[in-house]
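Have a look at the structure below, then the notes.
The values are calculated or read from the model by the stated rules, or taken from the named source; none is laboratory data. Nothing here was measured: the structure is a model prediction, and the numbers come from that model. Because the Cβ atoms are built from the backbone with ideal geometry, glycine has one as well, and the counts that use them run over all protein chains shown. Note: areas computed on protein heavy atoms with side chains; ligands, DNA, RNA excluded. Shrake-Rupley method; radii C 1.70, N 1.55, O 1.52, S 1.80 Å.
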Amino acid sequence: GVRVNSGGGGASRVGKSSGAVVGVSKGKARANSRMMSSIREFNWWLGEFWWKFAPDGLAGEPRRPLNVVITGSSRGLGLAMAEAYLSRGDYVFINGRRQDSLESSLKYLRNKFPNKVAGLSGDVGDPDFVRMIGLRAKQFLGHVDVWINNAAVSYPTKRKFADTNPSDLARVVNTNLLGILYGTQTAYLLMRAQPTGGHIFNVEGTGSNGLATPEFVAYGASKAPLKQILMSLVKEFRGSGVCVHNVSPGVALTALQLAGRWTDMDWLRVLNVLAEAPSTIANDLVPRMRRLVCSGRGPGESGKTIRYLTQVSIFWRCLTAGWRINRWFDIWNAGTPVFNTTGLKEEDS
């Protein structure tokens, strides 16, 4: 009887001991997982820091030319990004809503980069047209490494939501939100069939951070879902060889940022402090986007957000705002622009 009781007690003690060991093991596994996640995140930011300050050619960019599609790239930030890719030896397929604007941009780019760029004009709010972009881009490029959904529109003037024409609401949402969904779907289907996979970048805008966008409600509403879309697609695309990311360009001095705001002195003050020329932003973002492509298509390489303006840089700009008072607009002279505004009073594309 004693032996039986002893055996039972022994079994109980072994069971408790095993449970403790298992519990400790699970705890260690969770700690190790958190540590590895922190190490990966640290390595990512270390890489970003390295790119920022490394000499040219040492930042880990791709060794071969990339094939790139950029929607909304006949002017503004999109055109600047196209030029930044081309200047690094890549091939680019551009898009703009208006044929005349697209032809002008193609002429400009082809003069500088012969035989490296093509394009197609049309509305990315039309899913059939977006599929046509994919088809034409594949014909010109052979395969697509990078697809950037940059096309966006806004109202021509500031407007209370109650006074906004429903056709303007539909136009903004169709281009800015559905255009991104159509573009991402087309790019994914194209890249999934490629042995090399690919990277999709969706461009954020005002409202992506969840802040209010009064008098531009539809624009903000069209950009606010991008973070949720990113998180969802990272899970859906896992294992496909296709990565998806967001790009936050900050405040680019384009027609889109100035639409209906040329006399809004408060906004012009903000632009003096935070805005940069599209070329400045593009030449910061494009090498970092290329570096992402170079880093591979593993599970940990999807779902990144590349930012031009960080909280630290915004704080610094606000701290030094006194030196930026009339950088772009002369606030003491009714907001008169002190730079070349050619093309900025037209709708961005």
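The number of residues in the stretch 67-87 being buried (at least 24 other Cβ atoms within 10 Å of the Cβ) and either touching a His at 6+ places or on another chain (Cβ under 7 Å) or in a strand (DSSP E or B) (or both) comes to 3. Once the stretch 246-264 is narrowed to residues that are part of a loop (DSSP other than H, G, I, E, B) and among the β-branched types (Val, Ile, Thr), the residue that is modelled with the highest pLDDT is VAL251. Restricting the first member to the stretch 270-286 and to residues that are without any contact (Cβ under 8 Å) to a residue 40 or more places away in the chain, and the second to residues that are assigned to a helix (DSSP H, G or I) and open to solvent by 10 Å² or more (accessible area, probe 1.4 Å), no beta-carbon pair is closer than 6 Å while six or more apart or on different chains. Scanning the stretch 135-172 for residues that are open to solvent by 50 Å² or more (accessible area, probe 1.4 Å) and in a helix (DSSP H, G or I) yields LEU135, ARG136, LYS138, GLN139, PHE140, PHE161, ALA162, ASP163, PRO166, SER167, ARG171.
Give me the pairs: first residue in the stretch 299-319 and farther than 22 Å from THR206 by Cβ, second residue surrounded by 11 or more Cβ atoms within 10 Å (Cβ to Cβ) and of a type in the set (Phe, Trp, Tyr), beta-carbon distance under 7 Å, and six or more apart or on different chains, which are they? Once the first residue is farther than 22 Å from THR206 by Cβ and sits in the stretch 299-319, its partners that are surrounded by 11 or more Cβ atoms within 10 Å (Cβ to Cβ) and of a type in the set (Phe, Trp, Tyr) give SER302/PHE237. Residue check: SER104 meets all listed conditions (1) open to solvent by 80 Å² or more (accessible area, probe 1.4 Å); (2) over 19 Å from ALA187 (Cα atoms) but one, namely (1).
Name the single residue, out of those in the stretch 269-325 being assigned to a loop (DSSP other than H, G, I, E, B) and out of contact with any Leu (no Cβ under 9 Å at 6 or more places or on another chain), that is surrounded by the most Cβ atoms within 10 Å (Cβ to Cβ).
The first filter runs over the stretch 269-325 and keeps only residues assigned to a loop (DSSP other than H, G, I, E, B), leaving 275, 277, 296-298, 302-304, 308-310, 320, 325.
Then keep just the ones that are out of contact with any Leu (no Cβ under 9 Å at 6 or more places or on another chain); that gives 296-298, 310, 320, 325.
Values: GLY296: 10, ARG297: 18, GLY298: 9, THR310: 12, THR320: 10, ILE325: 13.
So, considering only residues that are assigned to a loop (DSSP other than H, G, I, E, B) and out of contact with any Leu (no Cβ under 9 Å at 6 or more places or on another chain), the one surrounded by the most Cβ atoms within 10 Å (Cβ to Cβ) is ARG297.
Scanning the stretch 109-129 for residues that are closer than 19 Å to VAL173 by Cα and exposed (fewer than 15 other Cβ atoms within 10 Å of the Cβ) gives a single hit, ASP128.
Of the set (1) under 21 Å from the mean Cα position of the chain (by Cα); (2) open to solvent by 30 Å² or more (accessible area, probe 1.4 Å); (3) within 27 Å of PRO287 (Cβ to Cβ), all apply to LEU178 but (3). A single entry from MET132, MET191 fulfils the requirement of being open to solvent by 10 Å² or more (accessible area, probe 1.4 Å), part of a helix (DSSP H, G or I) and touching a strand residue (DSSP E or B) at 6+ places or on another chain (Cβ under 8 Å): MET132.
For the stretch 93-108, how many residues are more than 20 Å from LEU256 (Cβ to Cβ) and either in a helix (DSSP H, G or I) or over 23 Å from the mean Cα position of the chain (by Cα) (or both)? First the steps, then the outcome.
Start the filter on the stretch 93-108 by keeping residues that are more than 20 Å from LEU256 (Cβ to Cβ), which leaves 93, 103, 106-107.
If we keep only those that are either in a helix (DSSP H, G or I) or over 23 Å from the mean Cα position of the chain (by Cα) (or both) too, we end up with 103, 106-107.
Residues in the stretch 93-108 being more than 20 Å from LEU256 (Cβ to Cβ) and either in a helix (DSSP H, G or I) or over 23 Å from the mean Cα position of the chain (by Cα) (or both): 3 in total.
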